[in-house]
DNA sequence: GTCTATAGTCGGATAGAC
DNA sequence: GTCTATCCGACTATAGAC
């Protein structure tokens, strides 16, 4: 079946964000990618901004749904990291995180775009938060670190790394390797349970005084 | 003393990146911010792209120099985190990280912009790498994690958090709080020295098999 | 080194035929 | 719902006066 014009424009908006960046999107460039007439952007969405906003949410909804089962299957921090690496590789190829990153960059200065990108980002954050909460339950990490905040930091860092990869692939590779090593350390910390709890409690007391 | 036109354009390029985003920069908008004629962009820099590239390096050079002494004074992970928070607050107000983030977003699709933004980013990374190496020397972190990679991951995450803050300030606040808690955990880990080393070595062996 | 003026292109958005 | 045609503003870049 052939996608209708509305769907074609949503997909084309994401594709154009990915290949041309936020500075290169226009009603004309999106319509050309979709293979439809330029005026249809305004007929269906009213303005380019509104098309971009809907496209961001559309893309995130689609991708998050595709990963939901894999998030649900994660039972350890190490498995979550593995899923993160796989997700990075797959989404990089598909270009969905790249499109989201361009929307976020655009949302910095466009008040109409900011809320829509937040909604798309929150879909990822919600999934991540739920998984982190499950995996970290009963560990020192859950005791001392706000899991919702950690999910937000992770998602933001993910976007930052994606952007970094776009301008320095080698540097980003080294960054990802270091993060994997770091996660191994944290997993080891998690295994140490009670001893770590005692030490960290002492540290927190000192830090607060 | 009044800045010459060249300097005014470099500063105005950063200011315009910050307030209008990469999608809103043009020879006209930059020249208007600088209070000079639009044609001077091409006279002094040849093209808007080349002005942006030079402005990015210019801004980073300036800001990194302003922080060099404070980086050098850091002697612990906790102090480095404190400097990170201060740096975030100060640069957010000045808008320099925001400008760099917009350049990175633009560099994804503009091959002329990518190398220049990498250069600017590398100034920060170099400073961070040196400080991390000094602070982590002799700790388990330095033993198990590539410090250069960690510096790159940190810088990329910093940019991601800055962008996140631009579309969801509340969410970013929670993310920063969680990272502070996480750093306290890592600092505690660092204090535990030999015990952690043994545990982590065992874990790494298991992970590789 | 700085200005005006302008060529030529691309952009958002709309009117109206089909 | 889709098209052509069009208005008009903004853009890059250059030519040429000062």
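Just so you know, all these numbers are worked out from the coordinates, no wet-lab data involved. Everything quoted here is computed from the prediction, not taken from an experiment. Backbone-built Cβ (ideal geometry, glycine too); neighbour counts: all protein chains shown.
Listed values, structure above:
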{"item": "Folded to 0 to 90 degrees: helix A:193-208 orientation relative to chain A principal axis, Cα", "result": "80 degrees"}
{"item": "B from A by rotation - nearest chain A beta carbon to the axis, in Å", "result": "A:160, 1"}
{"item": "Inter-copy separations for residue B:42, label at 7 Å along Cα-Cβ, nm, ascending", "result": "2.9"}
{"item": "Förster radius 56 Å - calculated FRET efficiency between residue A:38 and residue B:94 (Cβ-Cβ, nearest 0.05)", "result": "0.90"}
{"item": "Rg(Cα) / (2.2 N^0.38 Å) computed for region B:105-146, rounded to two decimals", "result": "1.62"}
{"item": "Ellipticity estimate at 222 nm from DSSP helix runs (n ≥ 4, -39,500 (n - 2.57)) divided over chain B, nearest 500", "result": "-27500 deg cm²/dmol"}
{"item": "For the protein assembly as shown, average projected area of the Cα convex hull in nm²", "result": "22.1 nm²"}
{"item": "Inter-copy label distances at residue A:112 (7 Å, Cα→Cβ; nm, one decimal)", "result": "2.9"}
{"item": "Where N is the number of residues in region B:122-162, Cα Rg divided by 2.2 N^0.38 Å", "result": "1.14"}
{"item": "Per-residue Cβ neighbour rank within 10 angstrom, fewest leading, B:93, B:112, A:8", "result": "B:93, B:112, A:8"}
{"item": "Alpha-carbon centroid distance for the pair region A:118-195 / region B:1-62, whole angstrom", "result": "37 Å"}
{"item": "Between helix B:5-20 and chain B: long-axis angle, C-alpha atoms, 0 to 90°, nearest 10", "result": "60 degrees"}
{"item": "For chain B, built as a Gaussian network whose Cα springs stay under 10 Å, the top-fluctuating residue of B:145, B:135, B:97", "result": "B:145"}
{"item": "Shortest-first nm distances, residue B:61 label point to equivalent points in other copies (7 Å, Cα→Cβ)", "result": "4.9"}
{"item": "Folded to 0 to 90 degrees: helix B:48-72 orientation relative to chain B principal axis, Cα", "result": "40 degrees"}
{"item": "Mean projection area, nm², convex hull over Cα of region A:5-201", "result": "11.7 nm²"}
